[in-house]
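Read through the structure below, which is laid out as structure tokens, and then see the notes.
The values are calculated or read from the model by the stated rules, or taken from the named source; none is laboratory data. Note that the structure is predicted; figures quoted are calculated from it, not measured. Here Cβ is always computed from backbone atoms with ideal geometry, including for glycine, and neighbour counts include all displayed protein chains. Note: areas computed on protein heavy atoms with side chains; ligands, DNA, RNA excluded. Shrake-Rupley method; radii C 1.70, N 1.55, O 1.52, S 1.80 Å.
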Amino acid sequence: DVFNNQIEIEKFSRIVPLSEIETNDYNLNIPRYINSQEEEDTQDIEAHLKGGIPAFDIENLHQFWEIYPNLKSSLFSNSLRKDYYQLKIPPDEVKTTIFSHPEFITYTQKVNEVFSLWKKKTIQILKNIQNDTKPKELIRQISDDLLSHFEGVKLIDKYDVYQLLMTYWAEAMQDDIYALVGYGWEAGREVEIFGKKKEFEGRLIPKDLLIHHYFAEEQQIIENLESQKDSLTQQMEEMKEEHGSEEGLLVEVINEKNTITLTAIQKRLKEINDDPDSLEEKHILEEYLSLLKKEAEINKQIKDAQADLDKRVFEKYSNLINEEIKDLIVEEKWMTNLEKEVNAELDRISQRLTQRIKELAERYETPLPDLIEEVEELSKKVDAHLEKIGYVWK
């Protein structure tokens, strides 16, 4: 866009006259004509000596204050000295203050509304993909429209949003669309089977997406069972840690791999069955054995539930109608991913503000006189300790 429209942007582009190129012996090395180096972060000597955050550094964040004008006063108060600010809150509360501020919330909603307008329009375009659709023309159309929608939205760079789309296009969306152009929406029913265990994955619709949309309850049952299994595993680990030492009650059943098997416990219980001096060991072994049996039962339930879920998911692929396929691919897959990326970009922008404020606050937190006083106090303590051990300064 900059090249085609001959736009001059500081530190990025400018139109160079031939005479200047001649002066440089026709050397077209870009740094000879454009200085793209970031300005050095200035250290304020007075702030290091007397404290406070330089107003210069705060005003350099003007792009944020244009969007969050009242946030500035929520974060800073005027110092007793002119041209310096004080942070109103502890540095570790900066992020919470920013992310919970009404102006931040309002701006986030505005960006989401802009994206939603583009999303609504683009969904209809994408759902109309046919055999004669030209993928390159399609991405040019929707990406240019995305730039147009974010034109004039401050703080977030429209080209950063554009790049989110283009990156996702290169990673996944492009291949999906070429498949849809070549094979139609029926490609959404296709499943790829791999491995000896005959695991499968949807060609265009991820298995996890289908499960989330149609089999959430079944998946939740499996996750609950896995949570129960994790709890049993933790209990057994705690018992092994407590009773697995040299003279521990489980030491006889721990093998070379540092594991305990059901067979080993059953064998040991048989050995000490009639020994009155082994009652405590017997109790611990029986408790551990009970946990192992519960774990085995839960493993079986998980295996059976997973097999049943896989069967139902596999069957669902072949039973999907075109409208379901369009919703799953366009809305649930493509648009959900893009929306997450836009929100992540918003977070990155606000994180930059958060980190910069914390950086400035920590940089000038302790004035030099306080540091000198602290060093003197520490030096006195060191001298006192040295004197106690017989060392005397000469």
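Computed quantities for the displayed model
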item: Rounded, prolate or oblate (a/c below 1.5 giving rounded, otherwise prolate when a/b exceeds b/c) for the chain by Cα gyration tensor; result: oblate
item: Overall form of region 114-230 per C-alpha gyration tensor (a/c, 1.5; a/b vs b/c); result: oblate
item: Residues of region 72-214: accessible area per residue with a 1.4 Å probe, Å²; result: 58 Å²
item: Across K158/K333; K240/K300; K11/K72; K300/K333; K11/K154; K110/K340, pairs whose alpha-carbon gap is larger than 26 Å; result: K11/K72; K300/K333
item: With every protein chain in place, region 1-160: carbon and sulfur % of accessible area (1.4 Å); result: 51 percent
item: Solvent-accessible surface (1.4 angstrom probe) belonging to D144, in square angstrom, nearest 10; result: 80 Å²
item: Value of [θ]222 nm, deg cm²/dmol, for the chain, DSSP H segments ≥ 4, -39500 (n - 2.57) each, nearest 500; result: -19500 deg cm²/dmol
item: With DNA, RNA and ligands ignored, accessible area of D132 (1.4 Å probe; Å², nearest 10); result: 110 Å²
item: Cα-centre dipole for the chain with unit charges at Cβ (Lys and Arg positive, Asp and Glu negative), debye to 20; result: 1140 debye
item: Charge dipole magnitude, Cβ of K and R +1, D and E -1 - region 25-173, Cα centre, debye nearest 20; result: 720 debye
item: Accessible surface of region 215-374 [probe 1.4 Å, protein heavy atoms]: carbon and sulfur percent; result: 45 percent
item: Mean projected area (nm²) of the alpha-carbon convex hull when region 279-326 is viewed from all directions; result: 4.0 nm²
